[in-house]
Each structure stands twice: as C-alpha cells, then as structure tokens.
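First up is the structure itself, then whatever we jot down about it.
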Amino acid sequence: SDSVNGVVKPRILLMGLRRSGKSSIQKVVFHKMSPSETLFLESTNKICREDVSSSSFVSFQIWDFPGQIDFFDPTFDYEMIFRGTGALIFVIDSQDDYVEALSRLHLTVTRAYKVNPDISFEVFIHKVDGLSDDHKIEKQRDIHKRTNTDLTDAGLEQIHLRCRQQHPFGSTQITEEESFYLTSIYDHSIFEAFSKVVQKLIPQLPTLENLLNIFISNSGIEKAFLFDVGSKIYIATDSSPVDMQTYELCCDMIDVVIDISCIYGMPNTEAGLPHDKDSMAIIHLNNTTVIYLKEVTKFLAMVCFLRKESFARKGLIDYNFHCFKKAIQEVFDVRVKVQQSRKLLNQR
Ligand code: GDP
C-alpha cells in the first residue's frame, strides 16, 4: 500500500454502476466540492480512474460499471488491484431500480473475495436524501436480505455482510461490523460512513481509542476526535457515543480552519498544505462550550469539545496533548516497522 512520511495509507476502492454517485462522493469528500456542483460532473469513460490523494490519510481508486470492467478481460489485472485493497465500497443508487446493481455487487464481491478474502466489503445505499425515514430502512433491509441470499445461494455464506444484528433475546442492535450505510452527499452521512469504513482498516484502532480515553479523562474534556483533515473523516474517537451534531460541528470547524489558513496562512511548501504540524485553533461557542483543534501529524488533527471551566486549565491540556502526540507517533512508527520487516521476510 501507499505510504507517506511513514504513515501507511489504507487503500479504498469505490465501485458501482454508472451514475450511482462515485465521482460525486469522491469530489465532495476529498476535494471539497459542494454537493450541488456535482450535478455538472461529466461521466468519464476511462476503464479505471485512480486518484491517490496526497493530502490525506487514505488513498483511493474508483471503478465504473457497467461495461467498462470486464472480469474476463485478460489484459486487465483486477487481481493485482484487489490484492492491494483494504476496503471495497459498492455504491448503489437508492433512487433507481437496483436489480442490476445487486447482481454487479454479487459478481464483484465473489470475484474480489477469491483474490483477497481479507477485503472489507461495504455497501453505500446512496442518494437517500430523497427518501423518507421509513423508506430508507425498508430499502436497507431489502438490499441487505437480497445480497446475503445471493451469497448464501452461491455457497459463500462466510462473506455475510452485516446490517443490524438480531440479538438472541429479541432486541435489535447495531453491530460494530455493520456493512450497509445510508448515505447522501447533501448531509454528513457520507463522511460518517467513510469514517466507519476507514476505522475498520486501522489495526491500531483500539489503541487509539484507549489513548483518547486516557487523554480526555485526564484533561476534563468531554469528547475528542482524531480527524483526517484533508477529508473530514474521523479515524478514531474516545468510547463515549458519537452525537451527529457534535460531529457536524467538528466538520464545520475544520472547514473554517482550512479556509482561513488557505487565505491567510503561511505558504507551506511541504505537500502544499496550508497548515502544518503545529497549527491549532480555538472556537468559543455561546453556550460555554469550547472547541479546540490541534494538529497531531501532517494529516491528522485532534478536535476536542470541552466546557469553558475546563479550558481554563489549558496548560494541563496542552501537556497531556503533548504526551498523546508522542504516543500516537510511536503507535504509527511501530506499525511501519512491522510492515517493513514483513516485506523483508516476504522477499526472502
Ligand atoms: P458516477 O458515474 O458513479 O461517478 O456518478 P456521478 O458522481 O457522476 O453522479 C451522478 C449523479 O448523481 C450526479 O448528477 C450527482 O449530482 C448525483 N448524486 C450523487 N450523489 C448524490 C446524492 O447523495 N444525492 C442525490 N440526490 N444526488 C446525488
């Protein structure tokens, strides 16, 4: 996989029928395009579009269907691509008839699984902005059921894609390993879904959560997120539940910080980013909440929510942050070293 400054980037493949919304998703999440501008996106006819974003923690590749990818075309090395892929996101247009999309999904999942059984398969039931809440849940259930029936019929029940798991005692609970997401580029759901997908690809997630837990409890902070600044995907948070509004506020804060630093910031030659590893910002809300943003690495920033009273002890927070930052660097350094030694072993 790709690696920048010692951080190994998880690779994600975005697939789906033509016009399902892949380019829009990519443009909105990774290139800050406003959702309404996607109406004028041109469809491309290239077989494979690659876009490895240099300013982000994740890397990307997009494939279009139908027709353009022929699994039987010997010149197209899909095996190699599946082998290097961490997650495969299949986008389904929920405002359209999805019979063909489901059969493409089935074909894609079975092919990819044969090459790389470790791929994490994710389904974005997309463009749900036009649907009522009941309708959304109904579509999600239907797509979930059909997908897994097809897989079971093909003798591949081991790649069961999870939705909501029926608890043995009757209550329904959402599992960590959910694979179906209701998304739209017109709200934050697309960023949320991406965050979940990326989190599954980070083997150190439990360590990161633990470090965040320790950090917030020692600093009087209510909630902390670790964000990929380039995409507003959060790659980890402490173990208290995520409230959508808090998440949206974080996204807004990052937008403000990026906009201000693009306009007034020092031009930074490194990777062309307007912010650097020492950037930070503080916003006081009128309800006595403070939002505090600090860069952790070139790609990652911490965004914290805390009360005004706790912010009075900023010195303590900054000291704890310093310790947190050191720990994070160690976590990623170890990972790179392990990967490097694995590579060496493989070469022998
Ligand atoms: P692609 O061929 O899969 O790359 O699809 P595009 O990204 O070109 O999108 C096709 C159309 O779907 C465009 O007109 C987009 O504006 C529209 N679209 C994409 N995402 C959404 C969404 O979440 N909601 C709605 N209503 N339309 C969307």
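Couple of notes before you dig in:
- Unmet criterion (only one of (1) under 21 Å from Q140 (Cα atoms); (2) assigned to a helix (DSSP H, G or I); (3) of a type in the set (F, W, Y)) for Y113: (1)
- Near pairs, Cβ below 7 angstrom, 6+ apart or cross-chain, from region 78-98 (assigned to a loop (DSSP other than H, G, I, E, B) and within 15 Å of the ligand (Cβ to nearest atom)) to any residue that is open to solvent by less than 20 Å² (accessible area, probe 1.4 Å) and modelled with pLDDT of 90 or more: S94/I125; S94/H126; S94/V128; Y98/I92; Y98/I143
- Qualifying residue in region 239-247 (condition: among the polar types (S, T, N, Q) and touching a Lys or Arg at 6+ places or on another chain (Cβ under 7 Å)): yes
- I190 being closer than 15 Å to I233 by Cα, at pLDDT 85 or above and not in a helix (DSSP H, G or I): no
- In region 9-26, of all residues being touching a residue at least 60 places away in the same chain (Cβ under 8 Å) and under 21 Å from G84 (Cα atoms), the one that is nearest to the ligand (Cβ to nearest atom) corresponds to K22.
- Residue within region 30-44 that is at pLDDT 85 or above, β-branched (V, I, T) and within 13 Å of the ligand (Cβ to nearest atom) present: no
- Residue list for region 201-217, restricted to those being open to solvent by less than 60 Å² (accessible area, probe 1.4 Å) and either free of Cβ contacts under 8 Å to residues at least 12 places away in the same chain or among the β-branched types (V, I, T) (or both): I202, I216
The values are calculated or read from the model by the stated rules, or taken from the named source; none is laboratory data. Predicted, not measured: the structure shown is a model, and the values here were computed from it. Because the Cβ atoms are built from the backbone with ideal geometry, glycine has one as well, and the counts that use them run over all protein chains shown. For the accessible areas, the whole protein counts, side chains as well, though only heavy atoms, and no ligand, DNA or RNA atoms are used. Shrake-Rupley method; radii C 1.70, N 1.55, O 1.52, S 1.80 Å.
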